[in-house]
Amino acid sequence: MSPVFAANWKMNQGPSAAAAFVQTFVAAFAPRGDRTVVLFPPALSLSEVRFRLTERPDIHVGVQNVHAEEKGAFTGENSAAIARDAGAEYVLVGHSERRHVFGETDAESARKVAKVHEHGMVPVLCVGETIEQRERGTTEHVVLHQLRTGLSALAHADMLGCIVAYEPVWAIGTGRTATPDDAAAVHRVLRGALLDEAGAGASTIPILYGGSVTPANAATLLSADEVGGLLVGGASLDPTSWATICSA
Ligand code: PGA
C-alpha cells in the first residue's frame with residue numbers, strides 16, 4: 001500500500017502564491033510511483049494549481065470542504081459537483097477546524113462524505129480528540145464515533161474508496177506531535193473499526209496521521225504501525241519542506 005502525502009494549505013496561498021509554490025515544488029520533487037501526493041489549496045486557487053500541474057499527473061488536487069447539499073441557495077458555499085467540475089479528486093471532510101470553528105457535526109460530515117463519493121471523488125474523513133477528551137480517557141470512544149457516523153451514509157463497499165485521517169486536535173498547529181506509539185494505538189483502533197464496518201477489504205483503506213508533522217518527524221511517524229500517510233498543514237506551505245516530507 002503506497003503512502004499518501006496530503007497538504008492542507010487551509011486559508012493560505014491565493015492563486016499567485018500557489019503558482020509559485022507549484023513551480024518550486026515540482027522542481028524539488030521528481031515523479032515516483034511509490035506514493036500518492038495530494039494538494040488541498042483554498043478553493044479559489046484550485047484551478048491555478050491544476051493548470052500548473054498539467055505536466056505532473058502524478059500530483060493530485062482536492063478541496064478542503066464542500067457543502068452537503070447538491071446545489072441551491074447557499075451563498076458562499078461550494079458543492080461537490082462544483083469541486084469535481086473544477087478538477088478536485090479528493091475532499092477533506094470533518095477537519096477539526098470545520099468541527100470546532102464552524103460547528104460541523106458528525107451527521108453533516110456523513111452527508112458530505114456521501115456527496116463526495118456520489119460525485120466520484122475520494123472523501124478524506126478527519127477524526128481526532130481534543131486534549132480534554134484525551135485526558136478523560138475517551139479518545140477511542142470519540143474517534144470511533146466520528147468514524148462510524150462519518151461513514152454511515154455509505155454502502156459498505158463504498159467505504160473502501162475512502163481515506164481516513166487521524167488528527168489529534170491538540171497536535172494541530174501546536175508543534176506538539178503524537179508519539180509514533182500514541183498514533184499507532186489510535187490507528188489500530190480505527191483499522192479494527194474499518195474492518196468491522198467494511199470487511200477484510202478495509203485493510204487497504206489508508207489511515208493518515210496529521211498534527212504538527214515536519215520534515216524532521218515525518219519518517220518516524222510514517223513508520224508507525226498502521227500509519228498509511230501524512231496530512232500536513234503548516235509544513236506543507238513551504239515547497240522545499242513539503243518536498244522533503246513527500247520524500248520521507
Ligand atoms: P499542522 O495541521 O500540520 O499545521 O499541525 C495539520 C492539519 O490541520 O491538517
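The values are calculated or read from the model by the stated rules, or taken from the named source; none is laboratory data. On a predicted model such as this, the values are computed, not experimentally measured, just so you know. Because the Cβ atoms are built from the backbone with ideal geometry, glycine has one as well, and the counts that use them run over all protein chains shown. Ligands, DNA and RNA are excluded from the accessible area calculation, which covers all protein heavy atoms including side chains. Shrake-Rupley method; radii C 1.70, N 1.55, O 1.52, S 1.80 Å.
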The lone condition A73 fails out of (1) within 23 Å of A243 (Cα to Cα); (2) over 17 Å from the mean Cα position of the chain (by Cα); (3) among the hydrophobic types (A, V, I, L, M, F, W, C) is (1)
Criterion first (within 15 Å of the ligand (Cβ to nearest atom), modelled with pLDDT under 95 and surrounded by 20 or more Cβ atoms within 10 Å (Cβ to Cβ)) does A183 satisfy it? no
Cβ-Cβ under 8 Å, sequence separation 6+ or interchain: first residue in segment 181-201 and within 19 Å of L231 (Cβ to Cβ), partner modelled with pLDDT under 95 and not basic (K, R). Which pairs? V186/A178
V38 fails exactly one of (1) within 14 Å of the ligand (Cβ to nearest atom); (2) surrounded by 14 or more Cβ atoms within 10 Å (Cβ to Cβ); (3) in a loop (DSSP other than H, G, I, E, B), namely (3)
With the requirement that a residue be closer than 18 Å to K10 by Cα and touching a helix residue (DSSP H, G or I) at 6+ places or on another chain (Cβ under 8 Å), what does segment 218-236 give you? L230, V232, A235, S236
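Select from segment 205-229 the residues that are of a type in the set (D, E, K, R) and in contact with a strand residue (DSSP E or B) (Cβ under 8 Å, 6 or more places away or on another chain) and list them in ascending order.
Answer for segment 205-229, where residues must be of a type in the set (D, E, K, R) and in contact with a strand residue (DSSP E or B) (Cβ under 8 Å, 6 or more places away or on another chain): just E226.
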Specify the residue that is farthest from V66 (Cα to Cα); the eligible residues are those in segment 82-103 that are within 14 Å of the ligand (Cβ to nearest atom) and in contact with a helix residue (DSSP H, G or I) (Cβ under 6 Å, 6 or more places away or on another chain). S96
Of all residues making up segment 1-20, the number that are away from the ligand (no atom under 16 Å from the Cβ) and crowded, with 22+ Cβ neighbours inside 10 Å: 1
Can you run down the residue pairs with Cβ atoms below 6 Å, 6 or more apart or on separate chains, where the first is in segment 69-84 and closer than 13 Å to K112 by Cβ and the partner is in a loop (DSSP other than H, G, I, E, B) and open to solvent by 80 Å² or more (accessible area, probe 1.4 Å)? S79/K71
Touching a strand residue (DSSP E or B) at 6+ places or on another chain (Cβ under 8 Å), closer than 20 Å to D238 by Cα and either surrounded by 14 or more Cβ atoms within 10 Å (Cβ to Cβ) or at pLDDT below 95 (or both): does that describe T24? no
Take the residues in segment 197-216 that are within 16 Å of the ligand (Cβ to nearest atom) and not in a loop (DSSP other than H, G, I, E, B); name whichever of them is nearest to K10 (Cα to Cα). G210
